[in-house]
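Each remark here refers to the structure printed beneath this line.
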Amino acid sequence: PQRAPPGVPGWPGSADSEPAAAPPKRRRVLPIVLGSVAATLVAVLAIAAIFVSRVESSLTQNLDREDLMPTDSNRAPHPTKEPAAADALNFVVMGHDSRDPSIARSGSLMILHLNAKRDQAYFISFPSDTWVSIPGHGSNKINAAYSIGGTKLTVSTLEKLTDTRMDHAALVDFQGFAKLTDEVGGVTVYNKTAFSSHGVHYPQGNITVSGERALYFVGERKALPRGDFDRATNERN
């Protein structure tokens, strides 16, 4: 056996030698991090599920299903849908103020076009003073179609004007619109022109609106430089 050389401490087998220290145990950091991330994701998904459920409940409670579409007739025939557009959808979206029964006109009128792949959507606005031919009733402002024949005549008027078949229609009550913007926590839009309406000021730039403030934002036209055209822009936003 080897003997420890004199004057060399720590030589194996010498009296002052010490056992080598064990390597430190590696902490299991990755499982802890993954566990924290997973817990956070579960919490976020739970909150999102509650939010979606709340909004869906608000929508379904205020949703009435009825026949808003016109029937095909000689007076107002439906345009033929082109084969290339067979899978695309066109929705007529009408805004109506139920608070004032004396106002029987549609306060907002748009077509929502969804492409065949359902990955793009387009809003097309029709200012209320647009002079058009209303089937069976001569020429008038486009929003008069609603007061004459309700949603069905409004849809027929748009089909005749655009020579495009409409697939569905939705009538949105202004108070329901205001409530929905509250339910989603407000809607952030870009306001290109500063203006005031009903004592509320809307500065230029990104603003968040909800409730009555959202309703005033989409309804104002007299305080805007281009009147109905600027109001239509705010409605699309």
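Approximating the spin labels as points 7 Å out from Cα along Cα→Cβ, the Ala38-to-Lys222 distance works out to 6.3 nm.
Zone of Ser196 (label point 7 Å along Cα→Cβ, backbone N under 14 Å): which residues in the stretch 214-237? Answer for the stretch 214-237: 223-224.
Residue pairs exceeding 31 angstrom between C-alpha atoms, taken from Lys117/Lys141; Lys117/Lys152; Lys81/Lys179; Lys152/Lys179; Lys141/Lys192; Lys81/Lys141: Lys117/Lys141; Lys81/Lys179. Among 214-225, 30-41, 81-92, the peptide with the highest mean count of other Cβ atoms within 10 Å heads the list, and the full ranking is 214-225, 81-92, 30-41. Stretching Ser139 away from Glu56 to a fully extended chain increases their span by 25.8 nm, per 0.36 nm per residue minus the current alpha-carbon distance. The modelled label-to-label distance for the pair Val184/Asp163, using points 7 Å beyond Cα in the direction of Cβ, is 3.5 nm.
So if we plug the beta-carbon distance of Glu212 and Ala85 into 1/(1 + (r/R0)^6) with R0 = 35 Å, what FRET efficiency do we get, rounded to 0.05? For Glu212 and Ala85, the calculated efficiency is 0.35.
Note on Ser73 and Ala49: the extension gain reaches 4.1 nm, defined as 0.36 nm multiplied by sequence separation minus the Cα-Cα distance.
Rule-based calculations on the coordinates, nothing more; no lab input. Note that the coordinates shown come from a computational prediction; the quantities given were computed from them, not determined experimentally. With ideal geometry, Cβ positions are generated from the backbone for all residues, glycine too; neighbour counts draw on all protein chains shown.
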